[in-house]
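Worksheet: one structure, shown below.
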Amino acid sequence: MVRTIFLGISAFALSACASTAPAERTIAVTGSVTYRERIALPPTARIEVKLDDVSLADAPSRTLASQRFAAGGKQVPFAFALTVDRADLDPRHSYAVSARITGADGKLMFITDTRNSVTFTSGSTVDMGMLNLVKTN
């Protein structure tokens, strides 16, 4: 009987570990994008937010996660959530989030013009707050 109870408790503990392991492997980078101009976006506008490894100054950045969606008639701010596997992160590297808004024709309307660095900690979420985009000409 003791052996049965011990096996039951062990199985329960192992199943609890298995269900929480995937959550510990990923990190969510969240926030919102907005711009200061009082300009309404067309309903066909597209929003793109990317998390990039920007460590190498003389090489293109490497995108680790991205999110693309249509404005669908909505206006700023737009919330975003990017998920990255903790195994893809190198503590010696630098990471940044960038965002852009384009028209249906692909023409750039708004973009981030500053570096939005991401500092990963042991937590499962990094809140970037509000990312401000600037209007392009």
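We did not get these values from a lab; they are worked out from the coordinates using the rules stated. The shown structure was predicted, so the numbers you read here are calculated from the model rather than taken from an experiment. So basically every Cβ, Gly included, is an ideal-geometry build from the backbone, and we count neighbours across all protein chains shown.
Can you compute the modelled spin-label distance between ARG92 and THR114, with each label point 7 Å from Cα toward Cβ, in nm?
3.0 nm
If R₀ is 25 angstrom, what is the calculated FRET efficiency for the pair THR26 and ARG46, using the beta carbon separation as r and rounding to 0.05?
Result of the calculation: an efficiency of 0.45.
Within the stretch 73-110, which trypsin sites (Lys or Arg not before Pro) sit in a loop by DSSP and count at most 12 neighbouring Cβ atoms inside 10 Å?
Here the sparse-neighbourhood loop sites are ARG92, LYS107.
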